[in-house]
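Every number here is computed from the coordinates shown, using simple stated rules; none is lab data. All figures in this text were calculated on a predicted structure; none of them were measured in a lab. All Cβ positions, even for glycine, are placed from backbone atoms using ideal geometry, and neighbour counts span all protein chains on display.
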Amino acid sequence: MERTTQLYEGKAKKVYLTTDPDVVLVSYKDDATAFNGLKKGTIKGKGEVNNVCSNHLFRLLESKGVKTHYVEQINERETFVRKVEIVPLEVIVRNIAAGSFSKRFGVKEGTALKAPSLEFSYKNDDLGDPMINDSQVLALGLATPEEIDKIKAMALKVNEILCDYFKEVGIILVDFKLEFGRFHGDIILADEISPDTCRFWDAKTGEKLDKDRFRRDLDDVDKGYREIKKRMGLE
Ligand code: TMP
């Protein structure tokens, strides 16, 4: 398999077509944005951390029966993945109140939730990724009822697997965002799972080890990313 032409350049990744029509190559960048692209910057080594960590987690999830787009890592920054049609939903799972959940519902950051919270945002940069409910997803034809059920069940299963995994390496999985894709009639997990898309707190100190360091103008942003890679035994 070889890369051919560039298909797309996003905020954090480039995607290339390959000689296999079912496979694309994802190349992770060090570029970072927040607040729908309003804040821009670079985080040294981020692309490598996100690629390697995400691939590790996708292999773990596959081993537990979760279908993902992962095919094969090529190098520290680049990976072959299945070419999916992305369902335009950001699927957010939360275990502890933080970020927009804390703001919206007036719950102090760090409050443990009584059950995992699952919410959808409509993936649309022009609209600022607004929150959307099941009925609105159906009304807009963004997904079928069967797809919604499957996506929710998979997201909650991913949460259980990841909570157990991160607990063992001394990290609290506060919340995270998933994206799903359609592949030959099936729904599979796509995009990435990394410090860009999760909130990770050190279990002992509560220190933030994810993109919130960038969003909130804290220092040592790259150190947080590297610490996650280290805890995951990937260096
Ligand atoms: P939120 O509290 O800002 O809604 O974020 C919830 C989770 O989703 C958090 O782990 C960060 C992640 N996230 C993304 O991956 N991409 C985004 O564009 C946003 C807003 C959040």
Considering amide H positions built from the backbone, and no H for Pro or chain starts, which residues 5 or more places from Ile187, or on another chain, come under 5 Å of its amide H? none
Enter the Cα centre distance for the pair segment 164-229 and segment 1-35, rounded to the nearest angstrom. 20 Å
Within segment 51-68, which residues have the backbone N less than 13 Å from the label spot 7 Å out from Met1 along Cα→beta-carbon, could you tell me? 68
In whole Hz, with x marking every Gly and Pro, tabulate ³J(HN,Hα) for segment 98-114 from phi via Karplus 6.51 cos²θ - 1.76 cosθ + 1.60, θ = phi - 60°. 6, x, 5, 5, 4, 5, 5, 10, x, 10, 4, 4, x, 6, 5, 7, 6
Output for segment 1-75: chymotrypsin sites (Phe, Trp or Tyr not before Pro) sitting in coil per DSSP, at most 10 other Cβ within 10 Å, listed by number, reads Phe35
Give, as ranges by residue number, the residues of segment 179-202 whose backbone N falls under 13 Å from the point 7 Å along Cα→Cβ of Leu113. 199
Per DSSP loop assignment and a cutoff of at most 11 other beta carbons within 10 Å, the chain keeps its longest run without exposed trypsin sites (Lys or Arg not before Pro) at 1-107
Sequence order, segment 173-181: Karplus ³J(HN,Hα) from phi using 6.51 cos²θ - 1.76 cosθ + 1.60, θ = phi - 60°, Hz rounded, Gly and Pro as x, gives 8, 6, 6, 6, 10, 10, 10, 10, x
Run the dipole for segment 44-122 about the Cα centre, Lys and Arg Cβ at +1, Asp and Glu Cβ at -1, nothing else charged, and hand back the magnitude in debye, nearest 20. 300 debye
Starting at the first residue of segment 27-44, write each ³J(HN,Hα) from the Karplus equation 6.51 cos²θ - 1.76 cosθ + 1.60 with θ = phi - 60°, in whole Hz, x for Gly and Pro. 10, 7, 9, 8, 5, 10, 10, 8, 6, 6, x, 5, 9, 10, x, 10, 10, 4
Expected output is a single nm value to one decimal: the length gained when fully extending between Thr42 and Lys223, i.e. 0.36 nm times separation in residues minus the C-alpha distance. What is it? 63.8 nm
One computes Rg over Rh for segment 137-212 from alpha-carbon atoms, with the Kirkwood Rh, and obtains 1.07
What translational diffusion coefficient, in µm²/s and rounded to a whole number, does the Stokes-Einstein relation yield for the chain at 25 °C and a viscosity of 0.890 mPa s, taking the hydrodynamic radius as the Kirkwood radius over Cα pairs? 135 µm²/s
Under 5 Å between amide hydrogens, which residues at least 5 positions from Lys123 or on another chain qualify, with H placed 1.01 Å from N in the peptide plane? Leu89, Glu90
For Lys114, give me every one of the lysines with a C-alpha distance below 24 angstrom, ignoring sequence neighbours fewer than eight places off in its own chain. Lys103, Lys150, Lys152, Lys157, Lys167, Lys177, Lys204, Lys208
